[in-house]
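Chemist: To start, I am sharing the structure in question, which I have written as structure tokens.
Taken together, the values in this text are just the output of simple stated rules run on the coordinates, not laboratory data. Since the model is a prediction, treat every value here as computed from it, not as a measurement. Glycine gets a Cβ as well: all are built from the backbone with ideal geometry, and neighbour counts include every protein chain shown.
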Amino acid sequence: MIVAHQIMNTNLELMLSISGGTDDDTSFTFVHNSSQIGDFDGSIIVDQRSNRYLNVTMRNASGLLVGRLYQSKSSNQDDEELIFTAYINQISPTNETVIIPLPASIDRDRYICISADDYNRKCHQIDFYSTPLHMDTSRYEWFARVGNCDDCNQLTMKGFLRNLNPMQWINGVDSFNDAIMIATDIIVYVLILLFIFIFITKCLCPLYQCFICCYGCCDNNCLSIHPAVPSKMATKY
């Protein structure tokens, strides 16, 4: 009887041998199949949506394999950028391709080493391939449509009188920024009204009075506003 049992990274093959005779002839044999790797190759791929993947094809591999990604071939711990694991769910060595997501900081070629339980370590320089971004411009286009609201965006006396109500000014204020915007608008409106008042009283009214006086409609007022200056005449004795 042969029972194959796999737990996580350990491939355990239990061989149960029973033979007749004394108890000394009965034995149990445990065979532990550790992870192993023959070689690998691969590439770093960036798809059209800027997702980065490590595409690795492992040959004669089985069990749990540990990979390390370095910035250079020195393979120093300071240059180590990422540690990943790949599990080959096979008892016998086989060829299998795995795809591992990578962070966005990977933007060029990297040096990758993959180790197995039998202290076998393989290292290769992996090329970096980038695909141009896919620009989806359809969602940013404007589409002209005819609405069903006939009274929308129309200036009416009812709407004008409703907006004169101060309670309408603070309607919809939900944050401090909205309150600042409302206060700024009120201050601007007050300054505009003050400017219009000063312009009418200090400029238009005097001009209107002068216009009336020039046409002789109010001689008395004109004389009072602009009194005549007596001219000096020379007297001969």
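Chemist: HN-Hα J couplings of the range 165-178 from phi, Karplus 6.51/-1.76/1.60, θ = phi - 60°, integer Hz, Gly and Pro as x?
Modeler: After applying 6.51 cos²θ - 1.76 cosθ + 1.60, I find 6, x, 5, 6, 5, 9, 6, x, 7, 10, 9, 5, 5, 5 Hz.
Chemist: I've got another one for you. Starting from 0.36 nm per residue, how many nanometres of slack lie between V190 and N51 once their C-alpha separation is accounted for?
Modeler: Working: separation 139, 0.36 × 139 = 50.04 nm, distance 5.53 nm.
So the chain would gain 44.5 nm between V190 and N51.
Chemist: Hey, got a sec? Which trypsin sites (Lys or Arg not before Pro) in the range 54-85 land in a DSSP loop and have at most 13 other Cβ atoms within 10 Å?
Modeler: Numbers: sites: R59, R68, K73; in loops: K73.
Loop-located and lightly packed - K73.
Chemist: I would also like to ask the following. Assuming a ≥ b ≥ c are the square roots of the Cα gyration tensor eigenvalues, decide whether the range 39-130 counts as rounded (a/c under 1.5), prolate (otherwise, with a/b larger than b/c) or oblate. All intermediate terms of the calculation are to be shown ahead of the outcome.
Modeler: Numbers: a/c = 2.14, a/b = 1.35, b/c = 1.58.
Cα axes put the range 39-130 in the oblate bin.
Chemist: Using the per-residue mean of other Cβ atoms lying within 10 Å as a proxy for protection, in what order, highest first, do the peptides 41-48, 100-107, 193-200 fall? Walk me through the numbers on the way to the answer.
Modeler: Working: 41-48: 16.6, 100-107: 12.5, 193-200: 10.2.
Packing order, densest peptide first, comes out as 41-48, 100-107, 193-200.
Chemist: Under the rule of at least 5 residues apart or a separate chain, name every residue whose amide H is placed under 5 Å from the amide H of D39.
Modeler: R59
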